[in-house]
Every structure is written in structure tokens, then in C-alpha cells.
Amino acid sequence: MRKAGSLIEARPRTAPRPWPLVATPKLPRMTNISRAEPSSVYLSVEAWVAVRKIRQDWMVARHKRISNTESGGRAVAYVISRIACPYCGKTLVELPAATPVYDVACERCEFRAQVKSVETPSRGRIRGASARPLAGLRLAGKLSPPLVVVWKWDGETRTAGEVWIFPLVPWSHIRERVLPDTHATMAGRLMVDYHDLSALPHFVG
Ligand SMILES: [Zn+2]
């Protein structure tokens with residue numbers, strides 16, 4: 001019968017420890033990629049671009065407290081509270097959300113319009129909505145919707161610069177574009193851009 005501790009005593013004190021046989025490579029800390037040495041983490045260009053885009057989107061989202069839809073709804077309310085019908089002078093009212101293309105209507109006459117809010121000062125080109133309803137109007141020989149543009153719109157503070165009303169927007173100023181494959185929610189969807197707006201007659205509200 002062995003005495004307690006005999007196994008430990010049998011091991012030579014000078015025996016080399018079984019590790020390390022080779023130097024353990026220093027692994028990059030994956031939780032802290034941005035501070036890692038360039039030589040320790042390799043990302044493909046595509047991965048790097050994707051990581052950077054996610055980071056940028058997150059930075060934007062962190063500072064944006066309301067959605068684009070909410071901001072657009074507030075812009076419509078802003079227009080209604082400050083702009084009268086350019087045709088008869090009566091009050092504008094908001095149309096139901098399901099109404100295609102148009103956002104506001106006059107409570108008295110036939111005037112209806114689409115409202116666009118833009119964060120920049122006035123410029124010639126702005127992004128529009130889905131192309132399909134507009135294409136339907138064009139094919140049917142209808143007029144394009146009058147356009148109300150809120151410049152320098154801030155949806156959070158509900159403040160803006162000027163409001164311009166374009167009573168007539170010729171089809172030649174409305175161009176279709178396809179959202180790129182990299183678009184987060186609506187890749188491949190056909191949208192419109194409004195071009196050369198500054199060349200069109202407009203009221204300033
Ligand atoms: Zn009116």
C-alpha cells in the first residue's frame with residue numbers, strides 16, 4: 001500500500017513542465033477590433049465595408065430618435081398648420097395614410113398635394129416616393145401631383161426653413177431610379193427623383 005503523497009514525490013522536481021511546447025500565438029481580442037493591430041486581424045474589403053456601414057448606420061440611428069415615417073407625418077402636420085390652400089385660401093387637411101401619392105387636401109376646393117420634407121436647404125433635386133402610383137397617373141393622362149416641399153426640415157424639433165409649393169410638376173422633371181441591391185429594406189424597388197425643381201414656378205410659404 002502506497003503512502004499518501006508518494007506519486008508526487010516520485011516525480012522528479014527537475015522535469016520540464018509539459019507546456020508550452022511552442023509559443024502560443026497572441027490572439028486578437030475580437031471584442032475590440034477597432035483597436036487591434038492592423039497585422040493581427042484580417043478582413044476582406046467587402047467585410048470591412050460591411051462592418052463600416054453597420055457602424056455608420058448605428059451612429060446615425062443612435063442620434064435619430066424618430067423614424068422617417070414619423071418625421072414625414074410631422075412634416076405634413078407642419079404644412080397644414082402654416083400653409084393655406086394656394087388656390088382658394090382655405091385650410092388644408094391631412095388625407096388618410098392609405099391615400100396613394102397625395103398627403104394633403106383643401107377642405108373647400110379640389111386642390112390636393114404631395115408633401116416632401118428635406119433636411120437640406122432648397123436644391124434642384126430631391127428624392128421622391130415609389131414610382132408605380134405616379135406611372136399609373138402618367139399612363140392615364142392625369143397631371144402629376146402638386147408638390148409641397150419643406151426645406152431644412154428637422155422632425156425632432158418640428159422646425160423648418162421655407163415651404164415651397166409647386167402647383168405643376170411636368171413629367172420631364174420626374175425621373176425613375178432603381179434602389180440599389182445594397183438597400184436595406186427595399187432593394188430593387190422603382191422610385192422617382194424630382195429634378196431641376198428650381199427651374200419650376202413655385203409659391204414660397
Ligand atoms: Zn382650396
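Taking label positions 7 Å along the Cα-Cβ direction at both SER198 and ALA129, the computed distance is 2.7 nm, reported to one decimal. In straight-distance terms, cross-link reach from LYS116 covers every one of the aspartates and glutamates whose alpha-carbon lies under 19 Å from its own, apart from those fewer than eight places away in the same chain; here that gives GLU70, GLU94, ASP103, ASP154, GLU156, GLU162, GLU176, ASP193, ASP196. With 0.36 nm allotted per residue and the present C-alpha distance subtracted, the GLU119-ILE80 stretch has 12.2 nm of extension available.
Figure the gain on full extension for ARG189 and THR99 (residue separation times 0.36 nm, minus the Cα-Cα span) and round it to one decimal in nm.
Extra length from ARG189 to THR99 when fully extended: 30.4 nm.
Normalised by the number of residues in segment 83-159, the mean separation of alpha-carbon contacts (under 8 Å, six or more apart) gives a relative contact order of 27 percent. Computed about the Cα centre, the dipole magnitude for segment 68-204 is approximately 260 debye when only Lys and Arg (+1) and Asp and Glu (-1) carry charge, each at its Cβ.
All of the numbers you see were taken from the coordinates with simple rules; none came from a lab. Since we're looking at a predicted model, the values are computed, not measured. Note: ideal-geometry Cβ built from the backbone for every residue, glycine included; neighbour counts use all protein chains shown.
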